[in-house]
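No value in this document is a laboratory result; all are computed from the given coordinates. Since we're looking at a predicted model, the values are computed, not measured. Please note: Cβ atoms are built from the backbone with ideal geometry, for glycine as well, and neighbour counts cover all protein chains shown.
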Amino acid sequence: MLLTDDDKAMRDGRDGEAVAAAMDLLIRYGNGLDAERLCSVRNVAGTSTQPTPAKEKIAAEGGWNKAYAVINLDCDDDIEIPKMRVPTCQLQHGFSADALNVTPYNPHLVELQAEAESFASDRGINILATCTPYQVGNLPVRGEHIAWMESSAVVYANSVIGAKSNCEGTASTGAAGLTGRVPYWGNHLDENRHGTHLIRSEVPVESFQDWGLFGYFTGEVVQEERPVLTGRLGLPSQADLKHLGAALATTGGVEIFHLPGVTPEAPTIKAAFGPGRVPEPVMFTEADRREAYELLNSQGDTEDVDFVLLGCPHASLEQLGEIAGLLDGRRLHPGTELWIMTPRALRAVADRNGYTEIIERAGGKLLTDSCPAMSRTAPEGTRVFATDSAKQAHYLPAILGIEAWFGTTAECVQAAVTGRWKGELA
Ligand code: F3S
């Protein structure tokens, strides 16, 4: 792999042992991928604070420098981790202290995460603590090379913002933050970003639920490839695009989609395919839509709902306003809990706007930093949950061994208020 003089100087220890270890990791990673070189990034979104048993053991034996070295740099040496070289943020992680006594999350993990957070903040890592960094101040520009992990954030960055990222990992983002470099391969190259499949919807795709179902179907069809979406599509909101991308990255490994007129580098279907030929479309029919819906509801059996989860990916202010409107003046069913996940920075606005008060007056909880899938936590005794998120409906039954219902936001709020599931596909 071609290295610049700056890369070589970092590798050879000019900037200290940790940066040398980071560069060593990136060179090994790049060589493994057959990347011809590295490229510069000035925006990294990774994770170094999520509490895990392995991290706890390493930190107990060798401190947090050691934990970062082993987990984020694949390095066993005793090295000091300096400040990040480029702007770096922490994505979602476990719950924090304000969730104690509100969720059954283990207090020991809260303490462990607080220690990791303090170590990371001292090194310049911004604790955004969300899977949607683009909602809270981390907004790359079109064409910018970035190094992000979290599948739903990467697909949003590539497809809606027009930035360029692969789905990075804990170690590659750990090294990218310290060097400002990442292997130049995959989605960083324009020729790898063009569409591969044309997916045409025969049915109107307009609501938040529609976009999730369309994404859930399309991810299954294209797997790791790059769909170009067309047909009877309305103009999606930011929340719709979050839901679409998260669903595409759930049934498939989609890292970029093209929505002509929305995706910055795809003003038209033809442009989305670049120099390639526009293929015959795969149709998304009413039968496909129903099949996706039924698949998402195939893990629901009992109509009594113990738990309702909204905000996956983390809810926008627009969504919080909608939920508050649906809950205003109502009370949750005594046996049902409602959790709504949002970034901490948006929670501050929701507090100020009165959304939090309405949600809490109804008996709901507005939570930050994490989610049930990430924290592996749900209200005690949950057997049946309902959600408006295709991603959470897909994963949570396997993670927590519970039943799932998938429906609209309004149906989920209704289930929280009545304790009963009454969903149907409109
Ligand atoms: Fe975010 Fe958790 Fe969903 S991290 S995308 S809310 S599974």
Gaussian network model of the chain, springs between alpha carbon atoms under 10 Å - residue of Glu411, Glu286, Glu224 with greatest fluctuation: Glu286
Cross-link reach list, lysines versus Lys83, counting only Cα pairs under 17 Å and skipping chain neighbours closer than eight places: Lys66
Expected-Rg normalisation [2.2 N^0.38 Å, Cα atoms] applied to segment 282-426: 1.01
P(r) histogram, all alpha-carbon pairs of segment 1-58 included - 10 Å bins from 0, percent: 20, 41, 29, 10
Where only alpha carbons of segment 83-144 are counted, the Rg and the Dmax (Å): 13.7, 44
Coarse-grained scattering of segment 84-202 at q = 0.14, 0.20, 0.22 Å⁻¹, given as base-10 log I(q)/I(0) from a Debye sum over alpha-carbon atoms: -0.68, -1.12, -1.28
Per-bin percent of Cα-Cα distances, segment 165-209 [10 Å]: 21, 30, 23, 22, 5
Taking only Cα atoms of the chain, radius of gyration then Dmax in Å: 21.8, 65
Cα-only Debye scattering, segment 10-95: base-10 log of I(q)/I(0) at q = 0.12, 0.18 Å⁻¹: -0.40, -0.89
Over segment 1-160, volume per residue of the alpha carbon convex hull, in Å³: 127
Translational D in µm²/s for segment 60-99 (Stokes-Einstein at 25 °C, 0.890 mPa s, Kirkwood Rh from C-alpha pairs): 202
Contour excess over end-to-end distance, with Cα ends at Ala410 and Glu191 and 0.36 nm allotted per residue: 74.7 nm
Radius of gyration and maximum dimension Dmax of segment 159-318, Cα, Å: 16.9, 53
FRET efficiency estimate (nearest 0.05) - Cβ-Cβ, Asp122 to Asp304, R0 45 angstrom: 0.40
Estimated FRET transfer efficiency when R0 is 35 angstrom, pair Asn101-Leu2 (beta carbons, to 0.05): 0.05
Segment 360-426: C-alpha pair distances exceeding 19 Å, %: 33
GNM top mover of Asn297, Asn101, Asn158 - the chain, alpha-carbon springs below 10 Å: Asn101
Spatially proximal lysines relative to Lys270 (Cα-Cα < 23 Å; intrachain offsets below 8 disregarded): Lys164
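Output the direction-averaged projected area (hull surface divided by four) of the convex hull of the alpha-carbon atoms of segment 137-250, in nm². Can you show the working numbers first?
Details: hull surface 29.1 nm².
The number I arrive at for segment 137-250 is 7.3 nm².
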